[in-house]
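Asker: The structure under discussion is supplied below as structure tokens; questions concerning it will follow.
Quick note: the coordinates plus some simple rules give every number you see, no bench work behind them. Just so it is clear, the model here is predicted, and its values are computed rather than measured.
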């Protein structure tokens, strides 16, 4: 609906599924590969530290980025999307910044 009816250029999914599991449990990775129209998944639950978003191909063979920056504010992620309206293309720049040097004990 967001892409087809509302003509959104960018669809972001805020997820708490978890990045990846050893079984077939639904995760950000599975969602990225089996869905269509999602451009970016920002996930949580597994508290995975990714230095940069991981690229996957979705059900339509289009790129989906999946990002997680761990937990407790130790890292901060940034993703910039650049839109080329003439060619209807988008490109991304991503980075992660370590905020805290010490690991916080649970």
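Asker: In the chain, what percentage of the DSSP-assigned beta bridges are antiparallel, given to the nearest 5?
Answerer: 70 percent
Asker: Here is a further query. Multiply the residue gap between residue 4 and residue 98 by 0.36 nm, knock off their C-alpha separation, and tell me the result in nm, one decimal place.
Answerer: Extra length from residue 4 to residue 98 when fully extended: 30.1 nm.
Asker: In percent, how large is the relative contact order of the range 12-98, given Cα pairs closer than 8 Å and 6 or more residues apart?
Answerer: 24 percent
Asker: Among [x] 27, 14, 11; [y] 30, 17, 10; [z] 26, 18, 10, only one was calculated for this model; which label is it, if the read-out is semi-axes √(5λ) of the Cα gyration tensor in Å?
Answerer: [z]
Asker: With Kirkwood's inverse mean 1/r over C-alpha pairs for Rh, give me the Rg to Rh ratio of the range 18-80, two decimals please.
Answerer: Computed over Cα atoms, the ratio is 0.97.
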